[in-house]
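In what follows, a single structure is set out as structure tokens and then discussed.
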Amino acid sequence: MTDDDILAAWAERAAMPRPISGADIVHGWGDQEVAFAVRRDDGFAVDKQDRGRWSTLGRFDTLVTADVFLVLCLGTIWRSNAGLGDPLPGEDPAATLTATERGHVVERGGVRALIAQRPQARRFGWIADKSVVQAARMLLG
């Protein structure tokens, strides 16, 4: 199973089965109101569309790291819809979170990312240096 297959499966779980495309979009999925996409942007960005308006949730150096964050976004929705708790509680002591004017810098295992919101940055700290497969397994709880 490829990373794209895993992402598509998580999008389906999160009730966002519709593929998103565009000139700079690597891949993405959504429903009629919300969508998530990875796009090329001086590295990679994960963006969220909510009722037609796009915002950037995080910036990453590699596609794999952006995809790990996308799994986190989709997995968080699925877990919430299923009434499941947070599988990544608290802060991982192996990760460093630094608040900046532009968001929260997360560093772990040689991976560095800029995440807009602290709760997502905290969760991402647990999986920043994982593969898409490993992150998906961790989100299953």
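The values are calculated or read from the model by the stated rules, or taken from the named source; none is laboratory data. Model, not experiment: these values are computed from the prediction. Glycine gets a Cβ as well: all are built from the backbone with ideal geometry, and neighbour counts include every protein chain shown. Areas reflect the complete protein model, heavy atoms only, side chains present, ligands, DNA and RNA absent. Shrake-Rupley method; radii C 1.70, N 1.55, O 1.52, S 1.80 Å.
Which condition does I77 not pass, out of (1) β-branched (V, I, T); (2) modelled with pLDDT of 95 or more; (3) within 17 Å of A121 (Cα to Cα), if it passes all the others?
Condition not satisfied by I77: (2).
Is it the case that A15 is in contact (Cβ under 8 Å) with a residue 12 or more places away in the chain, open to solvent by 20 Å² or more (accessible area, probe 1.4 Å) and in a helix (DSSP H, G or I)?
Judged against the criteria, A15 is not a match.
Which fully enclosed strands (runs of 3 or more DSSP E) of the range 25-141 have 1 or more residues being open to solvent by 50 Å² or more (accessible area, probe 1.4 Å)?
Result: 34-40, 44-50, 53-60, 96-100, 103-108, 111-115.
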